[in-house]
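*Asks:* Let me give you the structure first, and then I'll get to my questions.
Readers should treat all values here as calculations from the given coordinates under stated rules, not as data from a laboratory. Quantities reported herein were computed from a predicted structural model and do not represent experimental measurements. FYI the Cβ positions are ideal-geometry reconstructions off the backbone, even for glycines, and counts take in every protein chain you see.
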Amino acid sequence: MKKIQNISVYDDIDWQLLWQQSRSAKSWTSKNAKDWDKKAEAFAGRTRDSAYVDLFLKHLDLDKDVSVLDVGCGPGTLALPIAKQVRQVTALDYSQGMLELLDERARQEGINNIRTVHCGWEDDWSEFDISPHTLVIASRSMNIPDLAGALQKLGHYATDTIYVAERIAPSPFDPDAFTALGREFNSGPDYIYTVNMLYHLGIHPRIERIELARELRFENLDRAVQGYAWMFRDLLPEEVQALENFVRNRIIKQKDDHLIVKRDHPQRWALLSWSKDDIEARS
């Protein structure tokens, strides 16, 4: 049963409870470690050349004296380019398949200053010999039950600045695609919950917006459909056809070697960052 909060002033709001209730109501299914193991190759291919990387990295202050802890690193989307600019990167993920891809890509690129660690948010990181780093980042990796505990954990392992990228609803999903398949769409919690939780913890983050282009380039129609299919679990054959029709109707340019699909809802994220100086004790 959904718990009803008795609220008369802002401080009465239980943002942890709201976060958990919104997660329960979302219409998309969270992936576990085995799911990500299976999808590691496809995810790596989809994110490797994304404009998101450059848009994220331009906000980081990187140099050869810096160490970075990347929590929920995936296949190294950020860890690999960051490693080329800093002293050391520790890349943490609960998907072994993602870490294996990261290690392989690091070998191919001649990068030898990344340490990968197979563990998750709920683990005691000190048991994996993880110590505080200059910067701690959690990029699109905080779909977790205990939001407050995770934010405090990030702060414990940072000596300087914490960076958290959270989606701006409905990103990264396209609700029009759900409608085309006759599926209900409930976005679930986004960055505003995190901002309010941080405020509750006495933290006043800086907020930057990362927005990708509305026009997406794909090699062919199959790749374009795959660019949407990841949003859904257990697609039926008739839903695959409906999704293909949906994508076809959004092609605005087509040539022999690529096509352009336009999204009405661009992918957007909020980049939240804070340091020790941004933390205040709240009574």
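*Asks:* What is region 46-121 by shape, rounded, prolate or oblate, if you read a ≥ b ≥ c off the alpha carbon gyration tensor as root eigenvalues and call it rounded for a/c under 1.5, prolate for a/b larger than b/c, and oblate otherwise?
*Replies:* Taking the square roots of the gyration eigenvalues as a ≥ b ≥ c, region 46-121 is rounded.
*Asks:* At Ile13 and Lys253, where each label point lies 7 Å from the Cα along Cα→Cβ, what is the point-to-point distance in nanometres?
*Replies:* It is 4.2 nm.
*Asks:* Given a cut-off of 24 Å, name the pairs among Lys64/Lys276; Lys153/Lys276; Lys58/Lys84; Lys58/Lys276 whose C-alpha atoms lie farther apart than that in the structure shown.
*Replies:* Pairs exceeding the cut-off: none.
*Asks:* Here is a follow-up. Can you say what percent of the DSSP beta bridges in region 124-283, counting only those with both residues inside, are antiparallel? Round to 5.
*Replies:* Here the antiparallel bridges make up roughly 80 percent for region 124-283.
*Asks:* For the pair His59 and Gln21, what calculated FRET efficiency results from E = 1/(1 + (r/R0)^6), where r is the Cβ-Cβ distance and R0 = 35 Å, to the nearest 0.05?
*Replies:* Approximately 0.70, to the nearest 0.05.
*Asks:* Rounded to the nearest 20 Debye, what is the dipole magnitude of the chain about its Cα centre when Lys and Arg each give +1 and Asp and Glu each give -1 at the C-beta? If you can, show how the numbers build up before the last one.
*Replies:* On the way: 36 positive and 44 negative charges, 134 e Å.
Dipole magnitude for the chain comes out near 640 debye.
*Asks:* Kirkwood hydrodynamic radius, computed over distinct alpha-carbon pairs, for region 84-208: how many Å, to one decimal? Mind showing how you got there, number by number?
*Replies:* Numbers: mean 1/r = 0.0598 Å⁻¹.
In region 84-208 this quantity evaluates to 16.7 Å.
*Asks:* Related question: Give me the number: length gained by fully extending Gln5 to Arg209, i.e. 0.36 nm times residue separation minus the C-alpha to C-alpha distance, one decimal in nm.
*Replies:* 70.3 nm
*Asks:* Indicate the gyration tensor shape class of the chain (rounded, prolate or oblate), computed on the Cα atoms with a ≥ b ≥ c the square roots of the eigenvalues: a/c under 1.5 is rounded; otherwise a/b larger than b/c is prolate and the rest oblate.
*Replies:* It comes out oblate by the Cα gyration axes.
*Asks:* Can you tell me what share of the DSSP beta bridges in the chain is antiparallel? A percent to the nearest 5 is fine. The partial results should precede the final answer.
*Replies:* Working: 21 of 40 bridges.
Restricted to the chain, the bridges split so that about 50 percent are antiparallel.
*Asks:* Pop the C-beta distance of Asp124 and Leu235 into the FRET formula with R0 = 45 Å and round what comes out to the nearest 0.05.
*Replies:* 0.75
*Asks:* Please state, to two decimals, what the Cα-based radius of gyration of region 215-256 comes to when divided by 2.2 N^0.38 Å (N = residues).
*Replies:* 1.15
*Asks:* If you don't mind, there's one more thing I want to ask. So if each residue of separation counts as 0.36 nm, and I subtract the Cα-Cα distance between Lys276 and Arg107, what length gain in nm does that give?
*Replies:* Gain in length upon complete extension: 57.3 nm.
*Asks:* Can you tell me how region 201-283 classifies by the Cα gyration tensor, rounded, prolate or oblate, using a/c under 1.5 as the rounded cut?
*Replies:* Verdict is prolate for region 201-283.
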